[in-house]
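Only one structure is covered here, and it is reproduced in the block below.
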Amino acid sequence: MLIVAGALWWDLRTEPVETRPFAARSLQPGEPVAEAIEWREVPAGLWPLPDISGSVAAVAIAPGEPITTSALTGPVTPPEGWWSVPLTVGTHADAGDTVMLVIVDPPTTVPGLVLRPQTGDPYSLDFEPAVVAVPGESAALVAVAAEQDLLVAAVQP
């Protein structure tokens, strides 16, 4: 009888739970996550609590997906005096990556810092170019070269 009572107690005990963040809506890379979170109970120890203060999505996160440390990155801020320019740099460039912008005519290279990665295919309706910070003195040159399709972006590995 004691074994049956012990087995019943074991089956009826509650598992420890803790709250973890989930995406309340879809998040694009580079978007702040703090205002798009809903907290849900999950079994204790399922995954560590990520630091969401000031964090942005490193990858696209669908509604209802758990938010983990690997899906987050710190906010990327440009150096003082740099300007942000929307550019097609390819989907392999993530927020925080350093890029070398090669202008074909006149042959010039300009450093850049990806603030928000490109999403979607340039030939589709869901395309959004990357936002790349460039030195202020080169911003106009980069913007014109991009508009005239005279710019190629190389991503530092």
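Here is the figure for the stretch 107-127: residues that are part of a loop (DSSP other than H, G, I, E, B) and either within 15 Å of Ala93 (Cα to Cα) or touching a Leu at 6+ places or on another chain (Cβ under 9 Å) (or both) total 6. Please enumerate the residues belonging to the stretch 33-70 that are closer than 22 Å to Phe127 by Cβ and either loosely packed, with under 11 Cβ neighbours inside 10 Å or within 11 Å of the chain's Cα centre (by Cα) (or both). Listed by number, the residues that qualify are Val56, Ala57, Ala58, Val59, Ala60, Ile61, Ala62. If you filter the stretch 87-106 down to residues that are assigned to a loop (DSSP other than H, G, I, E, B) and without any contact (Cβ under 8 Å) to a residue 60 or more places away in the chain, you find that the one that is nearest to the chain's Cα centre (by Cα) is Gly96.
Report yes if some residue within the stretch 103-111 is under 22 Å from Ala58 (Cα atoms), β-branched (Val, Ile, Thr) and either surrounded by 12 or more Cβ atoms within 10 Å (Cβ to Cβ) or touching a Gly at 6+ places or on another chain (Cβ under 6 Å) (or both); otherwise report no. Scanning the stretch 103-111 turns up no residue that is under 22 Å from Ala58 (Cα atoms), β-branched (Val, Ile, Thr) and either surrounded by 12 or more Cβ atoms within 10 Å (Cβ to Cβ) or touching a Gly at 6+ places or on another chain (Cβ under 6 Å) (or both).
Among residues of the stretch 135-149 that are in contact (Cβ under 8 Å) with a residue 24 or more places away in the chain, those with a Cβ under 9 angstrom from a residue that is of a type in the set (Ser, Thr, Tyr), sequence gap 6+ or separate chain, pair up as Ser138/Thr108; Ala139/Ser84; Leu141/Thr108; Ala145/Thr108; Ala146/Thr88. Considered as a group, the residues in the stretch 51-84 that are of a type in the set (A, V, I, L, M) and within 30 Å of Ala139 (Cα to Cα) include one that is modelled with the lowest pLDDT, and that residue is Val76. Please name all residue pairs, on different chains or six or more residues apart, with Cβ atoms under 7 Å, provided the first residue is in the stretch 122-134 and is closer than 13 Å to Pro29 by Cβ and the second residue is among the aliphatic types (A, V, I, L, M) and crowded, with 20+ Cβ neighbours inside 10 Å. Note: pairs meeting the criteria are Pro129/Leu87; Ala130/Leu87; Ala130/Val89; Ala130/Ala93; Ala130/Val114; Val131/Leu115. Taken together, the residues in the stretch 30-46 that are out of contact with any Ser or Thr (no Cβ under 6 Å at 6 or more places or on another chain) and part of a loop (DSSP other than H, G, I, E, B) amount to 5.
The values are calculated or read from the model by the stated rules, or taken from the named source; none is laboratory data. Please read these numbers as outputs of a predicted model, since none were measured by experiment. A quick note on method: Cβ atoms are made from the backbone with ideal geometry, for glycine too, and the neighbour counts reach across all protein chains shown.
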